[in-house]
Amino acid sequence: MTESTHLAAWRVAEEAFPRTGTAEEQLRFLAAYAILAPSIHNTQPWRFRIHGATLELYADRGRALRIADPRERTLIISCGAALFNIRTAMYYFGCRGTAQPFPEPRQADLLARVSLGGPMASVGAWASLFHAIPHRVTNRGTFDVRQIAPDILADLRSAARLEGGWLVPFTSQQARKQLESMIDEGSRIQFGNPDFRHELADWLRPGGDSEGVPRHAMGHAELPDYATSIIPFVIRAFNVGRRAAARNTRLAAGAPLLVCLGTARDDPLAWLNAGQALQRVLLTATANRLHASFLNQPIEVFKLRPRLLTLIERRGQPQILLRLGRGTRRTHTPRRRLDEVLAEDPGEDPGAAPDPYGMSA
Ligand SMILES: Cc1cc2nc3c(=O)[nH]c(=O)nc-3n(C[C@H](O)[C@H](O)[C@H](O)COP(=O)(O)O)c2cc1C
């Protein structure tokens with residue numbers, strides 16, 4: 001399959017929304033927006049099942065990162081981002097609806113059930129978020145130095161709050177320096193682990209694929225194609241931690257805005273909410289013509305978390321670190337086809353449902 005086939009998911013035409021169609025047809029259309037969500041390493045760890053007027057969102061734990069994400073925290077955050085896209089599209093198209101998180105405590109893989117209701121009148125507030133969905137892209141390139149206006153920062157903070165999260169900017173030079181030093185240390189620790197490097201390399205797809213991080217998104221615009229082709233091999237074979245750390249701290253240092261997104265708690269429900277808050281923040285940023293990328297090392301390396309918490313002077317659990325600014329236009333990453341992740345026959349099993357969190361009675 002060609003690269004353009006893998007990018008087809010981004011060309012969803014809103015005029016095609018089946019206003020007079022069945023609930024199933026409408027939910028299928030909404031799911032086309034869900035798969036445009038960001039996900040850790042572009043693993044797209046979600047599955048959907050539609051029956052009648054309900055859509056169920058499942059975690060696809062076969063796509064979990066055993067080394068980088070042993071608690072499957074970022075997997076569930078990614079699914080939360082997909083859920084936020086569904087809600088946004090649902091309200092934009094004027095559908096009344098609800099999203100119930102973890103509706104069946106015995107089924108830990110069933111993350112949310114969306115129930116579609118009848119039409120509703122007002123959709124205005126969701127329009128800018130909705131229109132940002134197909135434009136959002138992770139940008140690992142450098143940003144220009146223009147500062148971000150205080151009212152945009154206020155909008156980003158309220159976006160996180162509206163989804164039950166919080167967003168704290170790193171404003172003082174001293175806080176930024178300390179954060180950079182944690183990003184440096186976290187990058188070295190992660191890359192010092194050969195298993196982490198192997199897992200990361202497995203999801204780098206310079207040759208093009210419907211999943212994983214493609215060549216153009218790796219953030220090595222300075223390298224010729226033949227050099228990016230061998231990045232997975234280099235990462236597997238050598239500890240490139242010093243280089244990765246230098247690159248990440250340089251990106252952090254040059255970012256007009258660095259923020260930490262967090263939640264009060266640190267459990268699957270909090271992660272699902274963090275994902276929705278993340279996507280609301282990213283879409284708000286996109287609507288304001290900002291780009292973002294992730295610098296999560298001080299959160300993923302567990303021993304750095306207490307230092308990070310002290311730095312942000314806030315109670316709660318940090319979930320995501322973002323850099324934001326204005327960058328140059330980027331090409332999207334690929335997505336799997338909707339029919340690969342969607343089961344419409346109620347008899348089809350969207351995936352086995354073990355209970356890793358012991359949520360079953
Ligand atoms: C929870 C989560 C964690 C992520 N962590 C990182 C990260 O540490 N480093 C990074 O470069 N990208 C990170 N990403 C970005 C993904 O790699 C990106 O979303 C994916 O490749 C799809 O590309 P897109 O966002 O441009 O659609 C993360 C995304 C999510 C949702």
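What are the residues in the range 195-228 that are under 25 Å from the mean Cα position of the chain (by Cα) and away from the ligand (no atom under 15 Å from the Cβ), if any?
Asp195, His198, Gly207
Does Leu30 satisfy the condition of being within 16 Å of the ligand (Cβ to nearest atom) and either farther than 18 Å from Pro214 by Cα or in contact (Cβ under 8 Å) with a residue 40 or more places away in the chain (or both)?
No; evaluated as a whole, the condition is false for this residue.
Assess whether Thr310 counts as being loosely packed, with under 15 Cβ neighbours inside 10 Å, within 13 Å of the ligand (Cβ to nearest atom) and more than 20 Å from Ala277 (Cβ to Cβ).
no
Which one is nearest to the ligand (Cβ to nearest atom) among residues in the range 272-306 that are of a type in the set (Ser, Thr, Tyr) and within 22 Å of Arg87 (Cα to Cα)?
Thr286
Could you pull out the residue among Ala108, Ala201 that is over 26 Å from His291 (Cβ atoms) and either at pLDDT 95 or above or in a loop (DSSP other than H, G, I, E, B) (or both)?
None of the others qualify; the one that does is Ala108.
The values are calculated or read from the model by the stated rules, or taken from the named source; none is laboratory data. It should be emphasised that the depicted structure is a prediction, and the values quoted were computed from it without experimental measurement. With ideal geometry, Cβ positions are generated from the backbone for all residues, glycine too; neighbour counts draw on all protein chains shown.
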